[in-house]
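Heads up: the structure comes next, in structure tokens.
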Amino acid sequence: MMGRPWRMSGALAVAAVWSFTASPSGAIVVDLDPAAVKQAIEGGKKMTDEDLKTIPTRFGANLKEDLCGGGGEIRTKTVTLNRLGGAIARNPEQAEQDKAKIDEQIQKILDSKVLRIAFDFCGDTADFAEGSSATLEQGGKMIKGEMAKPDRAKKNEKGLAYRGKIVASFPYSSFDPNAVTKITLFPPVGDGMSWEVDFSKFK
């Protein structure tokens with residue numbers, strides 16, 4: 001990671017209501033204390049690359065089995081810190097040199113007021129994700145996300161022509177981080193895709 005900003009990958013969303021199962025203990029943690037921050041980073045340092053990729057915050061299709069099945073990843077603060085810890089462990093000497101940058105990134109993670117959900121899905125044209133929207137629904141309350149610019153679409157070898165990702169942000173103040181939640185992605189073309197997840201099942 002020489003000379004590059006410390007970044008974590010994230011991802012994803014798709015059709016049919018999907019029941020999400022994860023670690024038996026959890027709940028999305030909005031405010032992490034110093035001990036929790038240290039635990040998350042140290043935990044990430046001990047994880048393998050595969051562990052970091054498969055932290056159970058994904059819902060929807062298994063990308064290894066179906067690239068276009070649709071799904072998503074809930075980018076919690078804890079998981080983001082886990083992945084930062086993994087990046088530090090892969091290159092500790094560079095991390096030591098970039099300590100100030102890493103400290104800034106940790107603070108930025110902690111200061112974030114929004115939960116990001118990264119959706120992945122496929123379409124027929126390179127701009128298929130532009131104009132998408134997403135919502136959370138809890139007990140009849142609908143929360144609309146703020147959409148980021150879609151990632152640049154990649155070509156598929158088979159099936160629909162392109163695959164891509166788009167991230168939606170939801171203010172923590174607008175929803176219950178411990179409730180069963182219906183997540184819906186509305187592509188610009190076609191029907192919406194919904195999944196039911198239980199925010200209390202993961203961190």
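The values are calculated or read from the model by the stated rules, or taken from the named source; none is laboratory data. Here the structure is a predicted model, which means the values were calculated and not measured. Heads up, the Cβs are rebuilt from the backbone with ideal geometry, glycines too, and the neighbour counts pull from every protein chain shown. Just so you know, the surface numbers come from the protein's heavy atoms only, side chains and all, with ligands and any DNA or RNA stripped out. Shrake-Rupley method; radii C 1.70, N 1.55, O 1.52, S 1.80 Å.
On the stretch given as the stretch 136-153, residues that are over 16 Å from TYR172 (Cβ atoms) and of a type outside the set (A, V, I, L, M) total 7. Against the test of being modelled with pLDDT under 95 and hydroxyl-bearing (Ser, Thr, Tyr), the options SER174, SER200, SER194, SER132 yield a single qualifying residue, SER200. Being open to solvent by 20 Å² or more (accessible area, probe 1.4 Å), of a type outside the set (A, V, I, L, M) and in a loop (DSSP other than H, G, I, E, B) is the filter here, so list the residues in the stretch 41-93 that pass it. Selection gives LYS46, THR48, THR54, PRO56, ASN62, LYS64, GLU65, ASP66, CYS68, ASN91.
Of ARG163, ARG152, all but one fail to be at pLDDT below 95, more than 27 Å from THR78 (Cα to Cα), open to solvent by 40 Å² or more (accessible area, probe 1.4 Å) and among the basic types (Lys, Arg); the exception is ARG163.
Cβ separations smaller than 9 Å between residues 6+ apart or across chains give no pair from the stretch 48-67 residues that are among the basic types (Lys, Arg) to residues that are loosely packed, with under 15 Cβ neighbours inside 10 Å and at pLDDT 90 or above.
Condition first: among the small types (Gly, Ala, Ser) and in contact with a Lys or Arg (Cβ under 8 Å, 6 or more places away or on another chain). Now tell me which residues in the stretch 172-199 satisfy that.
Taking the stretch 172-199 and keeping what is among the small types (Gly, Ala, Ser), we get 173-174, 179, 190, 192, 194.
Hits for the stretch 172-199 are SER173, SER194.
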